[in-house]
Amino acid sequence: MKKVAYFLSHPIQYQTPLLQKLNTLENIGLQVIYFTDHTIGGLDRQFGINVTWDIPLLNGYNYIFLKNYAKNPAVSGKFWGLINWGIFNYLIKNKPDVIIMHGWGYFSNILLLILATILRIKVIMRAESPLKQEKNKGKLNTFIKKTIIKLCSSFVYIGKENKAFYKSMEVKEHQLFYTPYCVDNEMFIEVAKQFNRVTDDIRIKYQIPSKNRIALFCGKFITKKRPLDILEAYILNPQQNISFVFVGTGELETKMKQFVKKYNLENVHFAGFANQTELYKYYISADFFILPSGYGETWGLVVNEAMVHSLPVLISDEVGSTADLVHEGKNGFTYSCGNLKELNNKLTFFSEVPNEKLKEMGKNSFEIIQQYSYNEALKGFKKAIFS
């Protein structure tokens, strides 16, 4: 029996199903250690509202919370936002055989890695870093990350760009284990069966003409996600048969609504925040999905969600998952991040393409995303733990 300690910053809706499945593996005793209880019914600073996820984040596995001593607690990438001195006592008391560590973005991650090295505990690193966002960060950044990586035994990579990053850091092939980044495909498919064409159809709710194609954006209205790019690209050459539905909220919402008012865009609809088990309504009602994110979008799991619901996708080339999920022309397209003319050209394609082609692209999305499941990820984790 391997005692496995999985350290995470905070409970995350996309991680919970994976933890539940890891907990069922034979010969593994799993405990999840959280550095903070952020997101358990608290303020989400990027959404700008209190969020309580409607899926249970703490069911189906053993977990504990460590006390966070940070002066200004944060889980939005601030290095000093997580300071957990209890890591030392935990490791001494529980003596895990293996540590799985998610990233290196906080002081607590570095403290954990140093203590694990001193105590000779095997560390498996799971980070999201895509090479295309890492290769121009400078010599000091590269040196620091190479130092961190040398202290780890194994690495579970989430996709092609992530593997390329590790290889650039001189990680050996035998240290790498594939654990595709994924969402709960089975849950989304099951929940989608509840769809009621009369009460749930977004086209009916917003009185969108039947001839219009619905373009869906789902996420936080923040700079990294670049949602305003969609509207700015659209007005370059407006296609009259496209309607936009924006699901989410955040600091850019006011600016986006001002833009809509300025250009009198009657085909733009703001749906507000939607919880996990409500998203299917928007995905099923939409015709294609757009994610215009820039630097910092290390994967973009909303793309997985859209593809599970058989949507073609239009994704910025800065998004970390493009090399894995977008098969150019088959299930969608990429475009150069921030290139509004190129984005408009792709919008024009989706406004003109025949329905049969659109449905074929959506079907291809669904088939591709079946390879990105928690069951596939479990295979990699198991190999890494027992290697």
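Bear in mind that the values in this text are calculations on the coordinates, not laboratory data. What you see is a predicted model; the values in this text were computed from it and never measured. Cβ coordinates were reconstructed from backbone atoms using ideal geometry, including for glycine residues, and neighbour counts include every protein chain displayed.
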Check the straight Cα-Cα distances from K3 and name the lysines below 16 Å, setting aside those fewer than 8 residues away within the same chain.
K21, K93, K95, K122, K382, K383
How big is the equivalent ellipsoid of segment 293-383 along its three axes, where each semi-axis is √(5λ) from the Cα gyration tensor, reported in whole Å from largest to smallest?
25, 18, 8
Kindly provide log₁₀ I(q)/I(0) values, in the same order as q = 0.09, 0.15 Å⁻¹, from the Debye equation applied to equal alpha-carbon scatterers of segment 153-293.
-0.39, -0.84
Measure nothing fancy, just the Cα-based angle from helix 355-369's long axis to the longest principal axis of the chain, in degrees from 0 to 90, nearest 10.
0
Two-site FRET efficiency, I55 against K3, from Cβ-Cβ distance with R₀ of 30 Å, rounded to 0.05:
0.65
Take the alpha-carbon centre of segment 337-387, take the same for segment 259-310, and report the distance between them in whole Å.
14
Going by amide H atoms built from the backbone, whose H comes under 5 Å of the H on R226, apart from near neighbours?
G294
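Please compute the Kirkwood hydrodynamic radius over segment 212-286, one decimal place, Å, based on all pairs of different Cα atoms. Please list the in-between numbers first.
Values: mean 1/r = 0.0788 Å⁻¹.
Averaging 1/r across every pair of different Cα atoms and inverting gives 12.7 Å.
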Taking placed amide H atoms and a strict 5 Å upper bound, the residues 5 or more places from F273 or on another chain that come that close are G248
For segment 54-187, what class follows from the C-alpha gyration tensor (a ≥ b ≥ c being the square roots of its eigenvalues): rounded when a/c is under 1.5, otherwise prolate if a/b is larger than b/c, else oblate?
rounded
Span per principal axis, largest first, for the Cα atoms of segment 276-338 (Å):
29, 25, 19
Alpha-carbon radius of gyration plus Dmax, which is the widest Cα pair, for segment 186-369 in Å
14.9, 42
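Let me check I've understood the local charge: for T179, count other residues with C-beta under 12 angstrom from its C-beta, Lys and Arg +1, Asp and Glu -1. What total comes out?
Values: positive: K21, R126, K163, K379, K382, K383; negative: E128, E376.
Net charge around T179: +4.
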In degrees between 0 and 90, to the nearest 10, how far off the longest principal axis of the chain does helix 139-150 point, with axes built from Cα atoms?
60
Tell me, what HN-Hα J-couplings in whole Hz come from the Karplus equation 6.51 cos²θ - 1.76 cosθ + 1.60 at θ = phi - 60° for each residue of segment 236-246, using x for Gly and Pro?
5, 7, x, 9, 5, 9, 10, 10, 10, 10, 9
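How big is the C-alpha Rg of the chain next to the rule-of-thumb value 2.2 N^0.38 Å, as a ratio? The partial results should precede the final answer.
Values: Rg = 21.4 Å, N = 387, 2.2 N^0.38 = 21.2 Å.
My calculation over the Cα atoms of the chain gives 1.01.
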Cross-link partners among lysines for K257, C-alpha distance below 28 Å, same-chain residues fewer than 8 apart left out?
K205, K211, K220, K224, K225, K281, K341, K346
Could you list R203, R213 so that the one with the fewest beta carbons within 10 Å of its beta carbon is first and the one with the most is last?
R203, R213
Per-residue ellipticity at 222 nm attributable to helices in the chain (runs of n ≥ 4 DSSP H, -39500 (n - 2.57) apiece, nearest 500 deg cm²/dmol) works out to -10500 deg cm²/dmol
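Taking the Cβ of L25 as the centre, find all other residues whose Cβ is under 12 Å away and add up their charges (Lys, Arg: +1; Asp, Glu: -1). Could the numbers behind the result be given before it?
Details: positive: K2, K21, K379, K382, K383; negative: E26.
Combined, the nearby Lys, Arg, Asp and Glu give +4.
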Cα long-axis angle, helix 107-118 against the chain (0 to 90 degrees, to the nearest 10)
40
Hey, if you put +1 on the Cβ of every Lys and Arg and -1 on every Asp and Glu Cβ in the chain, which of L19, Y63, I92 ends up farthest toward the positive end of that dipole?
I92
